[in-house]
Amino acid sequence: MSDAALVQLLDMGIPLGRAKAALKRTKGDSMSAAERVFAGEFDEIPSDDEGDDAEANASGSAQKITEQVKQVVTISNSDEDMVEDDEDAEMIYGEEDDDGYDDMDDGFGYDGMSDDQPHASDPYAGIFFSKDRVEEVIEPIDDDEFETVPTPSGNTKIKILGRGAWMSGCPEGGEQSFLFQLYNTLEEGQMACSNNCGHSFTRKNQDFFGLFPTFPQYTEYLANSIRPKCPKCAQITCLACGERVDRPSALRSHSHSLDSVKGKDRSSATPTTNAESFAPAESLFHCANLQGAVLGIGLHMIDQNFKIGKDQTRKAALAGGKVTPPTKKRKTGSAGEEDDDADTTFQYFGKGKSAVKGTGYAGELAEDRTGQIAAEKAQAAADALVASLLQQVSVFLPNPNRAGGGLASDYHVHPTVLAHLRRRSTFVNDLLRNDSLLDMSKRGDLYRTLFDWLEIVSDNESLSSMLGMPSMRPARSVQTPNDPTSSTITYEGAPSPRELLENVVIQAQAALRGLQGVQSADEEEKDRKLTEEELRASKAEVDRLAQKRVEQEKNDENSVLKAFCLRIVRSAETIDKRLVDTKGKAFVERMKAQLPRIEEGGNVEEAVAAEDETDENIIKIYEEWATKARFQYIDLSTGSTTVGTPAFKHAYSASASGIENNSAPKRSLAIAKELAILTTNLPVAYHSTIFLRVDETRVDVLKAMITGPEGTPYENGCYLFDIFLPLEYNVKSPMVKYMTTNGGKFRYNPNLYSDGKVCLSLLGTWAGPGWIAGQSTLLQVLISIQSLILCDEPYCNEPGWANDGGSPQSKAYNANVRRMVLLDAMANNIKRPPHPFENEIKTHFRLKAKTIRQQIEKWRALDDKQEILGDNWRDKNDPENTNPESKRGFAHCAREVLRLLDELEGKPPGEYAVEPSGEGNDGKAGGAKEKKEKKTVSKLKAAIGKSK
C-alpha cells in the first residue's frame, strides 16, 4: 500500500479505516479502491474519529509526492507583494498562520468564512487565490509524438498529448501529484488481467491521450479499446482502472440512459447545435480514471479550438483589407492585464487629441465592411465548433442533475477533474470578458451552451466554488534560460467567472428594463379576444395556430433578446445559490459587495481622499468612484402636465410627454440594446469620464455629463446634455441639447451653440457621415462629443480653419474658452450644481482639487489678459453682449474657482491676490503686449463676422 494512494483517498474524503481496507483489497489501486468505497462495499467499517491520524499521515506523504512532482514542473513565485518569505509561501498550500490570515482574504475572502450557516465541503479551502497574484511556472516542452490508429474511415494519424501539456497550468496544493499519477497509470505498458489468470494487457498512449480531429472520434475510439477481452480466461477488463466489468460499475448509482447532455431541470432550454444527439458509450462512465482522462482531453480540445478560432477571426479581418478599429481595452486585474477581445462600439481617441479636424467627421461616407463581414463569418464558424465541443464534453462533467439520475462520481469528483476544470477553463473567462450584450446575443448559440456549462458546474458542490475564485491566466511565455527543453510561463490573477458575469448581468437587466411594457407576440395573442370563427375551429386548427405563435415568438427580436437576457440573469442566480451552499452566505455577501452594480436614485457614496493621499491613489479612488457612478437610473420627472402626462426637468419634456402612451416595439428593442451597451461601456478615466442618468420609468429620457479631457481648454470642466430618444428611434438619431451655456450667454465651441444646439454629423446637424439606422448608437454620439468637439484646438473645428492649428487666432480662442470654463463649467457648476449631477459634480471637483489648482497655474501662464467674450461667434449684426458676468478676466475667474475648491475641501479661505500682470479685479490690463493681443482678438472677431 503506497503512501500516495492513501493520501489520494483521504483527500477524496474517505475515512482512514475504509481507505486502508479498500487499498488492501484492490492491491493498492487507489481508483478501484475509491470506486468500491463509493459503491458502499466498506460501509460496515465505521467512520470513526481518525481525522488526526489521517492528517498526520497525509502531511508526511504529501511532502514526498510534492518533491517527486516538482521534478516535472518547477514553481517559482514572482509576486513580491504577495509572498515575501517562506512563511508566507506556506499559505499557498493552506498552512496559514495567525499573522498572515488577513492577507488571505483579498481574493473575495475565501478563507474568511465566519457565518454559522452549514455549507458543503470546499476542495480549495485553505488555498490562496487573488487577482493580484503572479506566479512563474517552469513547464517542460513536449516533443511532438504521433501515432497511427485504426478508425472506421481508415487509418488516422493523431498527435499524442504529452505529459507536459497534460500537467500544464498554475498548480495548487497537491494537484500535480494527482495529474502525474493518473498519466503514469494510463501510460504504463502492461496491466494484469482482472481475473488474475496471468495474462497482461498492453496499454498505449493513444488509447487515452490521442488528439483526434473531433471529440466524438476520440470517445468512439476510446470506447472500442477500453474493454479488451482476455484471450486466456475471456474476462473483460477496464483498461483505465484494471477492474473487471461484469460487476456493476462502482460509479453508477442506478441504471439510466445517457441520451441527453442536459440536466433534468434544463428541458426547457432551446437546443443549440446538433451536438444534442451526441450519446457516448456507457462504458466511458465506468470509473474515475476514465472521467479524469476524458475531461482532460475534452477541455484541452475546447481550449485549443477556442484559441484557433480567435486567431482565424483576426486573420479573416486582415485578409478582408480592413482592420476593425481598436476596441476599448478592459483592465481585468491589478496585475496590469488588459484584454482587447471584447467587441465594443467605439474607439476612444485619448486625452487632449484633436483626432479629426472639422465637425463630426467619424469616418468615410461609404464604409468598407469587407474585413468585418469576413471576420463575422470566421467567428460564426469558430463559435459553432466550440459550442458543439462544449455540449459534447459537458456530458462528462460531474452533474448531479444528469438525466436519469446521477452517478457516484457526480458527487465525489476526482481531484484530476478539479485540476483540469480549474486550469483549462480560461475560455469561460474569455467569453464572459466580452462587454457587449449585443455581440453575445448575436452569438447566442455559443453563449447559451456556455450558460448550460456554467449551470452544470454550479450544481456540483465540489466545483461551484471555482466560479467565484479568481483565475490564473497565462500572460507571458519565454524559453527558460540555458534549458531549451522547458519554458517559463507567467500566470497572472484575473477576475473570477462570476465577477465577469456580473457585467453581462447588468447589461441584461438594463435591456429587460428597456423592454418593459412591450408585449411579445405570444402575450399579445393571449390578450386578444377570439373571433366566432376561431371559437368554432377544430382542435387541429387550434394546434396549428399555437404552432404559428411559437414560430412568431422565435422570430420576434424582442422575445429573443428578452429570453436571452432572462437566461443570463437565471445563470447568475443559480451560481450564487450554489456558492451560498458551498462557501456560505457571508462569503457570497462579501463577493457581491465587490461586484459592479447599477445604483438606483443616485445612491453612490461620495468618494473621499485623505489630505496626504498620493497622486496615484487619488487617481485610483476617482476611477473606482466614477465607475460606480457613471450610469444610474433616477427620477427625472417634476410632476404632471395639464393633461395628466408626466413632465420632466428636461429640455425635451414636451416631446417626452407627447408620446407617453405610444408603444413601438422596434423602438423599445433599440433602446434596450442601447441601455445594455451604456451600462458598462461608458468610458471612465481620471482625465475624462462620461456620466449618464436615465429616468426610472421613461428610459427614453436621459441626461449626460462629460468632464473635459486633459490637455484641452475644456479640461476638468463639467458639460451637461439633455437627451431624448424620439418615437422613430433608432431609424432617426437621438435629440441632444447642450445645457452648459451660462444661461444662453456662452458659446464654448464652433459646434456647441449658446442656444444649446450641438453641431454633429451623427445628429444630422452637419454635413458628413450621418446616422445609420440599426448601427449607430448613442454611445458613439457621446464619444464624438467627448473626443471630437471637446478637443485641444476647437478653433480648427470650423471648416475652412482646419489648418490654422497653433495660429494666434487659435491660441486666442483657447484662452477665451479657458476663461469661460473657469467661470461657468467650474465655478457656476460648483455653486449651483445642476440636477441630477449634484453629487457627481461636488465629488469630481473635490477629488481633483489638487490637479485643478495646478491646472489653473498652467492656464494663468497661457492667458492673454483679455475679458471673456461670451457668444463670440455671434452674427456681426447682433447687439453687443452687455452682461456684467461676461466682463471678467482670468484672475477673477481663477480666484472664484480656488475659493470654491477650498470650501469643498473644508479648508479656510486662502488669499488669492491678483497676479502682478497689470490686471485688476475688473479684468483690465495694459502695455504694448496687451494692445497687440487685443488687435489679434479684433481681427478674430472681424474674421468671424465675415464667416457668418
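Quick look at the values:
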{"read-out": "Intensity falloff of the stretch 717-852 expressed as log10 I(q)/I(0), Debye formula with alpha-carbon point scatterers, at q = 0.17, 0.20, 0.21 Å⁻¹", "value": "-1.02, -1.26, -1.32"}
{"read-out": "Listed residue pairs exceeding 29 Å between alpha carbons, taken from K131/K585; K131/K583; K562/K620", "value": "K562/K620"}
{"read-out": "By average C-beta atoms within 10 angstrom, highest first, the peptides 301-311, 456-466, 202-212", "value": "456-466, 202-212, 301-311"}
{"read-out": "Summed side-chain charge close to N205 - residues other than N205 whose Cβ falls under 11 Å, Lys, Arg +1, Asp, Glu -1", "value": "-1"}
{"read-out": "Restricting the stretch 661-721 to GluC sites (Glu not before Pro) in coil, as DSSP defines it, with at most 16 other Cβ within 10 Å", "value": "E696"}
{"read-out": "Per-residue Cβ neighbour rank within 10 angstrom, fewest leading, H420, H199", "value": "H199, H420"}
{"read-out": "Ranked by how many other beta carbons lie within 10 Å on average, peptides 677-684, 734-741 from highest", "value": "677-684, 734-741"}
{"read-out": "Summed side-chain charge close to E220 - residues other than E220 whose Cβ falls under 15 Å, Lys, Arg +1, Asp, Glu -1", "value": "-1"}
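Where a number appears in this text, it was derived from the coordinates with a stated rule and is not lab data. No experiment lies behind these values; they were computed from the predicted model shown. Methodologically, a virtual Cβ is constructed for each residue, glycine included, from the backbone with ideal geometry; neighbour enumeration extends over all protein chains shown.
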